[in-house]
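For reference, the structure discussed in these notes is given below.
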Amino acid sequence: GEKGAVAVANRIHPGSVEQRQGWAMAGCRMLGLVLAAELAVLRIAGGEKASSWYYKSMYACTNSDGVEVKKCPINVTSWGCSGTSLYCKEEDKVSCGDMGKEVSPKKPNGFGFMCPSLMLGTSEMVAAAKKDGFDGTYAVVTIDALACGQCVEVVNDDSVSFPLAPTMRAQVFNTVADSIDVYMAGGGLGANNGCSAVADFTPLASLYKRYPTSDNKEFVKHLENLGYDKAEKQIDQVIRFGGGLRGGKTYANCLKSGNTSIACQPPGNGCNGGGGICMKNATETCALAFEGKSDFVTKKVMESCIYAFNHDLHWNRPVTYSVIDCPKGLTDMTGLVPDKTDIVKKGVKVKSSTTTMEDCCEPSCSRTMQTDQKGSWKKGFNAIYTCNAAGQKYLESNDPLPFPCVSIGNQTAANAQAQPQQQQQQQQQQQTQQTQ
């Protein structure tokens, strides 16, 4: 504290009282900065924080659900247990369409999204790799040849076309991908879009207020200035089904040297509008392309978009991957912590390729109905984190309602401590009336 710092300064520093107090306060401020930095590292890592029971259950709505599908909101008072299953009263269920309508920047909770901090190249992912002493990059990916939660090392196989691409260590977080689908800003929307309205499709709820679509007129004008004279007609198709935005520093430097776009674009990738739209300056293009519904989402998408560009990762690339032990820093970020590694697949090198995606939808591996069937996990850490519309993780520690059941052998029973206060008050009133 300040008094202690002044006492130390009195012993070790000559000079006036004012000088000694000044030295002491400077020391306090420096200590405060050090502690703040250490706390930031802990926040980045995620630490020992288990995912919310509700958002890793089948009951939370996300953009892979149909608009008329009805589920139990977390704050209903009728939660109960039957065998190993949870339930609520039918009259308490709400459609996912209506749940999505309730989501706003001021009320971001109640709906499941992918966590934007898990995109390739965010400051959190970069810090996690650095903390682990890894000089490559961390990511989350989809590989259908592997199960939820398995981790891989992905090595670049074309250092001529992608000289800046680092080795990647990644965890499987989702399903349905023939190759290695890497989660990054503007990587392509896919089937379960929770990012933004595009063309004739509108999500039940979304993370962004501005996205690289034809409705983003300022972005379309920017693409026209880059030479894409049909950008307004092409961009929706590209962002939905064409792998999203392309481009990288090596490509941009090639253009600056006087070469054509066709000569500079790497094999297997297009920059001609119909086959792809490529950035030349990520700082400018990313800022016009994206704006989240929260400042945090905007910050994460900018970090990811620029990082992927600067490291030649906004492309489809030939790679070789192998299963590895999951890095601690990575699983601290994702919340899915395997008990063991598949020793049969570990170290086996597999030739493949990367694709890119960003759909913002709560991923398959965020649901225990996917993970518990396909792996063994550290207790409580059996699902990828789910986030709210502001990009904040839903954690067990901030659940408005504790898990409504307790385990008894292989069965479950009602957890009295988890009953909402209103329900407890109703029970107390009934008991009072019976004794009168």
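Structure above, values below:
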{"quantity": "Accessible-area ranking of Ile343, Ile239, largest first, probe 1.4 Å", "calculated": "Ile343, Ile239"}
{"quantity": "At R0 = 22 Å, FRET efficiency that the Cβ-Cβ distance of Leu164 and Asp132 yields, to 0.05", "calculated": "0.55"}
{"quantity": "Rounded to the nearest 10 Å², the accessible area of Ile262 at probe 1.4 Å", "calculated": "140 Å²"}
{"quantity": "For Ser64, solvent-accessible area (1.4 Å; no DNA, RNA or ligand), Å²", "calculated": "70 Å²"}
{"quantity": "Straight-distance crosslink candidates among aspartates and glutamates, where the alpha carbon sits under 13 Å from Lys299 and sequence neighbours closer than 8 are dropped", "calculated": "Glu124, Glu291"}
{"quantity": "Under 16 Å from Lys217, Cα to Cα: lysines that are on another chain or at least 8 residues apart", "calculated": "Lys209, Lys230, Lys233"}
{"quantity": "Region 271-401: C-alpha gyration tensor shape, a/c 1.5 cut-off, then a/b vs b/c", "calculated": "oblate"}
{"quantity": "Cα-based reach from Lys351 at 13 Å (exclusive), listing aspartates and glutamates while leaving out same-chain residues under 8 positions away", "calculated": "Glu153, Asp157, Asp158, Asp178"}
{"quantity": "Rounded percent of accessible protein surface that carbon and sulfur make up, region 153-308, 1.4 Å probe", "calculated": "49 percent"}
{"quantity": "Heavy atoms of Asp399 accessible to a 1.4 Å probe, total area in Å² rounded to 10", "calculated": "30 Å²"}
{"quantity": "Probe 1.4 Å, protein heavy atoms only - accessible area per residue of region 160-251 in square angstrom", "calculated": "40 Å²"}
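The values are calculated or read from the model by the stated rules, or taken from the named source; none is laboratory data. Small disclaimer: the values here were computed from a predicted structure and weren't measured. Cβ sites come from the backbone with ideal geometry, for glycine too, and all protein chains shown count toward neighbours. Just the protein is used for accessible areas: all its heavy atoms, side chains included, with ligands, DNA and RNA removed. Shrake-Rupley method; radii C 1.70, N 1.55, O 1.52, S 1.80 Å.
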